[in-house]
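Only one structure is covered here, and it is reproduced in the block below.
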Amino acid sequence: MYRIGLISDTHGLLRPEAREALAGSDRIIHAGDIGAPAILDTLARIAPLTVVRGNNDRGDWACGLRETETLRVGDVAIHVIHDLADLALDPAVAGVRVVVSGHSHKPRVEGRDGVLYVNPGSAGPRRFTLPVAVAELVIEGDEVSARIVGLPIPTTR
């Protein structure tokens, strides 16, 4: 069994609650709009890290980040992209079982055509009344499941 922590749209803020939720992950995936390279350093100390560049990730530190990544965890192929609207492949045809995206700040888990689409929402600064969240992907053999993990929002932030 693999536990994959999913995070997106930190926009320069890595909340302690997000770090706690990701602790114990076998791998972490950040789906873009990171905001600062220090966030990647912190996440990489928790678990091996896969990351893609978001539309707000600019500057020298972000130049080496790819817009998409595809990785295999056990028997499962996972495709990572910041904005799902930019998805240029048919995941089912490409043998991808999970697509992880961000951008919308809206947490969501949805299965379509044998593919699990997961958007962990935003773990950074709260936007409007949208929740602050991360997600967890669990892989057991060729079975995959995901859940959204809502983060408490301290009133001091």
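Taken together, the values in this text are just the output of simple stated rules run on the coordinates, not laboratory data. Remember, it's a predicted structure, so these values are computed and weren't measured experimentally. A quick note on method: Cβ atoms are made from the backbone with ideal geometry, for glycine too, and the neighbour counts reach across all protein chains shown.
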Just report the Cα centroid separation between the range 25-86 and the range 104-129, whole Å.
-> 15
MRE, 222 nm, helices only [DSSP H, n ≥ 4, -39500 (n - 2.57), over the chain, to nearest 500] | -3500 deg cm²/dmol
Please give the length that would be gained between Val138 and Ala88 if that part of the chain were fully extended, namely 0.36 nm times their separation in residues minus their C-alpha to C-alpha distance (nm, one decimal).
-> 15.5 nm
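Using a Förster radius of 25 Å, what is the FRET efficiency between Asp26 and Val109 based on their Cβ-Cβ separation? Nearest 0.05, please.
Values: r = 19 Å, r/R0 = 0.76.
About 0.85, to the nearest 0.05.
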antiparallel share of DSSP beta bridges within the range 97-157, to nearest 5, in %, is 75
Scoring the range 64-157 by relative contact order with C-alpha pairs under 8 Å, at least six apart, yields a percentage of 20
FRET efficiency for Asn56 and Phe128 from the Cβ-Cβ distance with R0 = 22 Å, rounded to 0.05, comes out at 0.85
Taking amide hydrogens as modeled 1.01 Å from N in the peptide plane, which residues meet the under 5 Å criterion relative to Leu151, leaving out close sequence neighbours?
-> Val132, Ala133, Val134
Relative contact order of the range 113-157, pairs being alpha-carbon contacts under 8 Å that are 6 or more residues apart, as % | 31
In sequence order, calculated HN-Hα J values of the range 121-130 (Karplus, 6.51, -1.76, 1.60; Hz; x Gly/Pro) | x, 10, 9, x, x, 5, 10, 6, 10, 5
Karplus (6.51, -1.76, 1.60) ³J(HN,Hα), θ = phi - 60°, over the range 91-108, in Hz, Gly and Pro reported as x = x, 4, 5, 7, x, 8, 9, 9, 10, 10, 9, x, 6, 6, 6, 9, x, 6
Calculate how many DSSP beta bridges within the chain are antiparallel, expressed in % of all such bridges and rounded to the nearest 5.
-> 65
For the chain, averaging the sequence separation of alpha carbon pairs under 8 Å that lie six or more residues apart and dividing by its residue count, the contact order in percent is 25
Nearest 10 degrees, 0 to 90: what angle lies between the long axis of helix 37-46 and the longest principal axis of the chain (Cα atoms)?
-> 60
Taking amide H positions as placed in the peptide plane 1.01 Å from N, state which residues far from Asn56 in sequence (5 or more) or on other chains have amide H under 5 Å from it.
-> Asp33
For the range 10-146, what class follows from the C-alpha gyration tensor (a ≥ b ≥ c being the square roots of its eigenvalues): rounded when a/c is under 1.5, otherwise prolate if a/b is larger than b/c, else oblate?
-> rounded
Given the peptides 54-65, 3-14, arrange them by the average over their residues of other C-beta atoms within 10 Å, most packed first.
-> 3-14, 54-65
Using a/c under 1.5 as the rounded threshold, could you call the range 61-117 rounded, prolate or oblate? The axes a ≥ b ≥ c are square roots of the C-alpha gyration tensor eigenvalues, and prolate needs a/b larger than b/c, oblate otherwise.
-> oblate
